[in-house]
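Notes to accompany the following structure.
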Amino acid sequence: MKHLVRSSGPRRRRTLAILPLLAAALAAAGTALVVTGTANAGTTLGASAAEKSRYFGAAVGTYKFNDNTYMTVLNREFNSLVAENEMKWDATEPQRGVFNYGAGDRIVSHARSRGMSVRGHALLWHAQQPGWAQGLSGGDLRNAAINHVTQVATHFRGQIHSWDVVNEAFADGGSGGRRDSNLQRTGNDWIEAAFRAARAADPNAKLCYNDYNTDGINAKSTGIYNMVRDFKARGVPIDCVGFQSHLGTSISGDYQANLQRFADLGVDVQITELDVMQGGNQANVYATVTRACLAVSRCTGITVWGVRDCDSWRGSDNALLFDCAGNKKPAYDAVLRELNAGTNPTPTAS
Ligand code: G3I
């Protein structure tokens, strides 16, 4: 017979303190003791984030799913996943009207089997389009793009916590305007049309706009801010903004203020692709991002763009939280410390 001990908060600490005695007494009586609550609270990224009502996720690739070290870290540390490439247009609709969801389904299935949430990335983007779409323009491309959004969001309906509906549609540099692309050339309303199609296909998914080099108050982030403000004013369905946060060796002093100004528009903010150039300041930069997300109530979670340094698109930047052997780096300790700040994490009984 099992005694189930479910506890949390101060009572949890008292309960855990007497657990060894209780376990011994119950064992003597032939009874096992099972402690539940937030498994591994305070001792893993996902569990610690969950204690603060956030998720802590990672971008994954199915080509790594046979790597034991990779999967051990992934399954232990993260409570949210996003497909690094498997849900992009080139992967899911390699030929017009021919959809391939196998790899994306595999990631969703793994996540759900582990109680992890799933971010969807990305329904429309100027990059990684299948060749057939790159050759389209005007109304034909617009129809193909909106059909793609509808078909993919419908396929994954009910399984995606947040979709990157549109990725990287604003230009770098000082214009604050849209990036030129085949999608932009179908008309300025393509982003709005994509969000409306995604809402119709999956009413329960949070719909996000996602971009990079927006990690502070600048022309690009302000251009996006103005779009979100217009969308909210006109009732265009948008629920969140993703800040990729591919960072160097420093972070803008107005990083948190930028997140807050978007939250004040009435949308969630999410750190969606975090990685930080390794160097003397990596741990501090990771800590600053974590602290900022915890300080902004509508910051719902952080995703790092990969599991180990050797899995990263950034190669020798060594930009992630684990080395290739799966060892925790100082940046990991800094993030966990920030996630646990203000609480007294008590590791669960073994
Ligand atoms: O699938 C092909 C494979 O068939 C071929 O043999 C191989 C060698 O050419 O290439 C494979 O495609 C690669 C793809 O990743 C899947 O592995 C592409 O060459 C490669 O360019 C692509 O890189 C991805 C990149 O987006 C593409 O722009 C990275 O893994 C991925 O981390 C990166 O992620 C983006 C986000 O989606 C958006 N934000 C920026 C971020 C970093 O660029």
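The values are calculated or read from the model by the stated rules, or taken from the named source; none is laboratory data. These numbers were taken from a predicted model, which means no experiment stands behind them. Methodologically, a virtual Cβ is constructed for each residue, glycine included, from the backbone with ideal geometry; neighbour enumeration extends over all protein chains shown. Protein only, heavy atoms only, side chains kept; ligands, DNA and RNA dropped before computing areas. Shrake-Rupley method; radii C 1.70, N 1.55, O 1.52, S 1.80 Å.
Taken over region 147-186, the residue count meeting the criterion of being outside any loop (DSSP other than H, G, I, E, B) and open to solvent by less than 20 Å² (accessible area, probe 1.4 Å) is 11. Does Val82 meet the test of being under 23 Å from Val296 (Cα atoms), surrounded by 24 or more Cβ atoms within 10 Å (Cβ to Cβ) and either modelled with pLDDT of 95 or more or not aliphatic (A, V, I, L, M) (or both)? It is true that Val82 is under 23 Å from Val296 (Cα atoms), surrounded by 24 or more Cβ atoms within 10 Å (Cβ to Cβ) and either modelled with pLDDT of 95 or more or not aliphatic (A, V, I, L, M) (or both). Exactly one residue among Gly280, Gly301, Gly266 is open to solvent by 30 Å² or more (accessible area, probe 1.4 Å) and more than 16 Å from the ligand (Cβ to nearest atom), and that residue is Gly280.
Only a single criterion out of (1) open to solvent by 10 Å² or more (accessible area, probe 1.4 Å); (2) under 20 Å from Gly46 (Cα atoms); (3) among the polar types (S, T, N, Q) is not satisfied by Asn218, namely (2).
Please give the number of the condition Asn143 fails out of (1) open to solvent by less than 30 Å² (accessible area, probe 1.4 Å); (2) more than 17 Å from the chain's Cα centre (by Cα); (3) without any contact (Cβ under 8 Å) to a residue 40 or more places away in the chain. Condition (1) is where Asn143 drops out. Among the residues of region 118-137, those that are buried (at least 18 other Cβ atoms within 10 Å of the Cβ) and either of a type in the set (Phe, Trp, Tyr) or under 16 Å from the mean Cα position of the chain (by Cα) (or both) comprise Val118, Arg119, Gly120, His121, Ala122, Leu123, Trp125.
If the condition is being open to solvent by 10 Å² or more (accessible area, probe 1.4 Å), under 20 Å from Arg142 (Cβ atoms) and more than 21 Å from the chain's Cα centre (by Cα), then region 231-242 contributes only Arg234. Among the residues of region 196-213, those identified as over 16 Å from His148 (Cβ atoms) and open to solvent by less than 70 Å² (accessible area, probe 1.4 Å) are Pro203, Lys206, Cys208, Tyr209, Asn210, Asp211, Tyr212. Against the list (1) within 16 Å of the ligand (Cβ to nearest atom); (2) part of a helix (DSSP H, G or I), the condition Ala144 fails is (1).
Taking residues in region 93-113 that are within 19 Å of Trp163 (Cβ to Cβ) and surrounded by 16 or more Cβ atoms within 10 Å (Cβ to Cβ), and partners anywhere that are of a type in the set (Ser, Thr, Tyr) and at pLDDT below 95, not one pair has Cβ atoms closer than 7 Å while being at least 6 places apart or on different chains. Among residues of region 291-316 that are without any contact (Cβ under 8 Å) to a residue 24 or more places away in the chain, those with a beta-carbon under 9 Å from a residue that is away from the ligand (no atom under 16 Å from the Cβ) and open to solvent by 10 Å² or more (accessible area, probe 1.4 Å) at least six positions away or on a different chain give the pairs Cys310/Asp323; Cys310/Cys324; Ser316/Gln278.
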